[in-house]
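What follows is a short report on a single structure.
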Amino acid sequence: MSLKKIVFIVATAFVLSCKTENKVSLDELTNKDKDSIAKKFDDMSVYFLQPSQIHRDYKDSAIAILPEKIDYIQRLSYSYKKVGDHIKAMEILNKAVDIDTAKGQVNALQYRAWTLLYYYRDYKGAIKDVDLIEKITGNKYNVCWGEPCGLQKGQALYKLGRYDEAIEEFITANKEEEKLGFDISDNHLVFFYLGRCYAEKKDYKNAINSFEKSLKGAYNMFPEAYYQLGLIYKNQKDYTKAKEYFLKAQKIPEYKMNEPYIERFDEVFPYMIEKELKGLN
């Protein structure tokens, strides 16, 4: 018998024995009882590292009691992703999305859009998911795993070379946030990728303006933006300014775009800056 079955049988038997001396099947439990038992399994899972088998065993046990609990299913997919079983991870995540969207909800879909873009680099898939989110919610503005979904769709369009569509998406994201009363000067990533799109189109005036906006306020130490400005001035043969911006980027490497699980697009590394400076010298 697998460890998974042992955990499920022993833990369920313990919980049920605390409830009554008579034999009780899961079908006889109230929804409140099922929620309570499943939550105990889910709470137990957090005592073990996500990549571990026992973590997944407890998650499986919780899902066995509540097979349509989106949170449990989605979080189980994290564990498989962290051990490199990406086929299984996406199979489980897709199940969560199917259950969620059938109820007119988009939480799991928002996480999948983030995952497809940043983790699997499936740009078309990410665009499709963001479009579906907008269709289900009826809103142009939505949040995908802590970021505007429009930022993610725009980046996917940018990586596909569809720069005009990406620019439109970034501008829309800013407009929608303004409607909600947000200070869009904080949207340094939106302005940064606007700059990248304009730079790819060789519209350097708008590119420079966008990168400068990405450096406003709290984000004035943003080496990726300084690096991109250095590249633009290098292309314009203004080598003095190019060197100035490359040096600015070199002085603040600790503020670079950095995420614990992904590498962001256009993330700059010290060797890249050193190469440009060496070329100028």
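Scan segment 136-164 for residues that are among the basic types (Lys, Arg) and in a helix (DSSP H, G or I) and jot them down.
Taking segment 136-164 as the starting set, the residues that turn out to be among the basic types (Lys, Arg) are 140, 153, 159, 162.
Across segment 136-164, the qualifying residues are LYS153, LYS159.
Where residues in segment 246-272 are under 26 Å from LEU117 (Cα atoms) and β-branched (Val, Ile, Thr), which of them is surrounded by the fewest Cβ atoms within 10 Å (Cβ to Cβ)?
The residue in question is ILE262.
Looking at THR101, is it part of a helix (DSSP H, G or I) and over 17 Å from the mean Cα position of the chain (by Cα)?
On the way: part of a helix (DSSP H, G or I): yes; over 17 Å from the mean Cα position of the chain (by Cα): yes.
So THR101 fits the description; yes.
Quick check on my filter: what residues within segment 206-228 are in contact with a helix residue (DSSP H, G or I) (Cβ under 7 Å, 6 or more places away or on another chain), closer than 18 Å to PHE170 by Cβ and of a type outside the set (D, E, K, R)?
ASN206, ALA207, ILE208, SER210, PHE211, SER214, LEU215, TYR219, PHE222, ALA225, GLN228
Residue under question is TYR261, and the condition is that it be within 28 Å of ILE171 (Cα to Cα), among the aromatic types (Phe, Trp, Tyr) and assigned to a helix (DSSP H, G or I); does it hold? Please lay out each step first, then the result.
Working: within 28 Å of ILE171 (Cα to Cα): yes; among the aromatic types (Phe, Trp, Tyr): yes; assigned to a helix (DSSP H, G or I): no.
No.
So which of PHE191, PHE269, PHE211 is in contact with a Ser or Thr (Cβ under 7 Å, 6 or more places away or on another chain) and not aliphatic (A, V, I, L, M)? Reasoning before the result, please.
Working: PHE269 fails: in contact with a Ser or Thr (Cβ under 7 Å, 6 or more places away or on another chain); PHE211 fails: in contact with a Ser or Thr (Cβ under 7 Å, 6 or more places away or on another chain).
It is PHE191.
Among residues belonging to segment 203-245 that are without any contact (Cβ under 8 Å) to a residue 24 or more places away in the chain and in a loop (DSSP other than H, G, I, E, B), point out the one that is surrounded by the most Cβ atoms within 10 Å (Cβ to Cβ).
ASP203
Given the structure, is LEU66 within 25 Å of GLN110 (Cα to Cα), in contact with a helix residue (DSSP H, G or I) (Cβ under 8 Å, 6 or more places away or on another chain) and surrounded by fewer than 17 Cβ atoms within 10 Å (Cβ to Cβ)? Explain how you work it out, then say what you get.
On the way: within 25 Å of GLN110 (Cα to Cα): yes; in contact with a helix residue (DSSP H, G or I) (Cβ under 8 Å, 6 or more places away or on another chain): yes; surrounded by fewer than 17 Cβ atoms within 10 Å (Cβ to Cβ): no.
Against the criterion (within 25 Å of GLN110 (Cα to Cα), in contact with a helix residue (DSSP H, G or I) (Cβ under 8 Å, 6 or more places away or on another chain) and surrounded by fewer than 17 Cβ atoms within 10 Å (Cβ to Cβ)), LEU66 does not qualify.
Considering segment 44-93 alone, what residues qualify as being polar (S, T, N, Q) and assigned to a helix (DSSP H, G or I)? Before you say what the answer is, go through the steps one by one.
First, the residues of segment 44-93 that are polar (S, T, N, Q): 45, 50, 52-53, 61, 74, 77, 79.
Within segment 44-93, SER45, GLN53, SER61, GLN74, SER77, SER79 qualify.
Listed residues TYR239, TYR255; which is closer than 21 Å to PHE191 by Cβ and hydroxyl-bearing (Ser, Thr, Tyr)? Steps first, please.
Numbers: TYR239 fails: closer than 21 Å to PHE191 by Cβ.
Only one candidate passes the filter, namely TYR255.
Considering each of PHE170, PHE192 in turn, give the residue that is surrounded by 24 or more Cβ atoms within 10 Å (Cβ to Cβ), of a type in the set (Phe, Trp, Tyr) and in contact with a Leu (Cβ under 8 Å, 6 or more places away or on another chain). Working first, answer last.
On the way: PHE192 fails: in contact with a Leu (Cβ under 8 Å, 6 or more places away or on another chain).
It is PHE170.
All of the numbers you see were taken from the coordinates with simple rules; none came from a lab. Keep in mind that what you see is a predicted model, and the values were worked out from it rather than measured. Glycine also receives a Cβ, built like all others from the backbone with ideal geometry; neighbour counts cover every protein chain displayed.
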